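Asks: Just passing along the structure, written as structure tokens.
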Amino acid sequence: MHWPSFFKGSFLFLFLLFFSLTGASLAFQVHQEQIIANSNHSVPVYLAQAKIPAASGHFAAVLGTATMAEPLKDTSILLLGLDSRKGDKSARCDAIHTVSFLPSQGKIIITSVPRGTISKDGNIIANVCSIYGFDTAKKEIEKITGIPADYTVKTGFSQTMGAFRLLGLPPSPTLQFLRDRHDYAIGDNQRSFNQANFLKDMLVQHLDQINALPEPIKYLGFKTIDTDISYNDAKKLLAEIIASGIYKDPANIEVVVKPADNLVRQDIHLSAQTATDWSFSQDPEYQAYQKEMVDYLENITKTANKTAVITALAQKSWLQVDDPGLRNQLHFDLLKIVPTPDTLKDFILEMSQAGQPSLQQQAEEILASLKS
């Protein structure tokens, strides 16, 4: 496996798309990785094992209170996984899935659009995002699926790396499974179907665990994504989905591919072997890629290249670094170049949950200086 080429290719981002919307978090991911590191990556670590205190003080006002569940209305969310390389300002839509929660029918439908589907002006739909922008891409996707999206969620490669670690899944082998198209006669059409099946499995297996996370953790996860749904509305939607119970039975979750075709797709799922294989982290080329990413981030912070720093912050590039302590430090170094009250407050909350008092204090000092 040539790791640098692998990481610069197109990836599946749907996992974090949905889980960030419903409450996955960076702080929890750090907590989990510390446990994984202590066990030499021998077993996967799952959400239910975490015991994280709730936030207090001025963050309580930011987080708000729990939202009571009420009857769920039919709701569709367009999930766009973005392929943006290190430092790029534009991105293609490489994973396209509309998740429709349909309590009126007692089911969930995941409608997937293969990235190579021909769309506007003869361009594939993946490139419509980068050429014409996301608003146009959304309209084109809605034409293909016939499903108006109530909300759109966009996220990139870095957040997905964090999400896979969150559930104890090895990031690279999992991504390799989900982006593989060369091993199938129907290529990208099978890959898109595999992605949808993976999302279905995650809904059934992990949504209850994610719902049990403390409020600060849900807030931090929500802040990692780009979406037009508000935080309070996202909390409300999650509560309604949980109350419906539809997701608990795999028979209630249907996978559909649009445009319709006569292709025969295999029912392929992530294997147990892949889900527990952390050996990739010892691969020399993978380690070289890690060094390349660290060097890149350290260079743009040392030179105080604000344009590059803003792009790295938008891409959440620090999440691609495996070492949790170094990852937190790089995140802080980026924030120091272009600090804002909101990003510093989120970082302070994240470090309080992750047990990083030194970085938390430094961020609090910068925040105080901005207020003075």
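Asks: Calculate, in whole percent, how much of the Cα-Cα pair population of segment 238-372 lies beyond 24 Å. Don't skip to the answer; put the middle values down first.
Replies: Numbers: 5010 of 9045 pairs.
Every Cα pair in segment 238-372 considered, those over 24 Å come to 55 percent.
Asks: Compute, for ILE131, the solvent-accessible surface of its heavy atoms (probe 1.4 Å) with the complete set of protein chains present, and express it in square angstrom to the nearest 10.
Replies: Spelled out: ILE131, probe radius 1.4 Å, area about 100 Å².
Asks: Would you tally the net charge around GLY106, using a Cβ to Cβ cut-off of less than 15 Å, leaving GLY106 out, and scoring K and R as +1, D and E as -1? It would help to have the intermediate numbers written out before the result.
Replies: Details: positive: LYS73, LYS107, LYS248; negative: ASP74, GLU240, ASP249, GLU254.
Once positives and negatives cancel, what remains is -1.
Asks: Let me ask something else. Considering only Cα-Cα distances, which of the following residue pairs are longer than 18 Å: LYS223/LYS345; LYS200/LYS248; LYS154/LYS248; LYS154/LYS258? Numbers along the way, then the final one.
Replies: Details: LYS223/LYS345 11 Å; LYS200/LYS248 10 Å; LYS154/LYS248 25 Å; LYS154/LYS258 20 Å.
The answer is LYS154/LYS248; LYS154/LYS258.
Asks: Grab the other residues whose beta carbon is less than 10 angstrom from that of GLU254, score K and R as +1, D and E as -1, and report the net. Don't jump to the answer; show the numbers that get you there.
Replies: Values: positive: LYS107, LYS200; negative: none.
Charge balance near GLU254 sits at +2.
Asks: Any idea of ARG179's accessible area? Nearest 10 Å², probe 1.4 Å.
Replies: So the heavy atoms of ARG179 present about 60 Å² to solvent.
Asks: Grab the other residues whose beta carbon is less than 12 angstrom from that of ASP226, score K and R as +1, D and E as -1, and report the net.
Replies: On the way: positive: LYS154, LYS223, LYS316; negative: ASP228.
Value of the local net charge: +2.
Asks: Follow-up question, since we're still on this one. Just to verify a number: what accessible area does PHE134 come out at with the full protein assembly present, 1.4 Å probe, Å² rounded to tens?
Replies: PHE134 has an accessible surface of roughly 70 Å² with all protein chains in place.
The values are calculated or read from the model by the stated rules, or taken from the named source; none is laboratory data. All values reported here derive from a predicted model rather than from experimental measurement. Using ideal geometry, Cβ is built from the backbone for each residue, glycine included, and neighbour counts are taken over all protein chains shown. Calculation scope for accessible area: heavy atoms of the full protein, side chains included, ligands and nucleic acids excluded. Shrake-Rupley method; radii C 1.70, N 1.55, O 1.52, S 1.80 Å.
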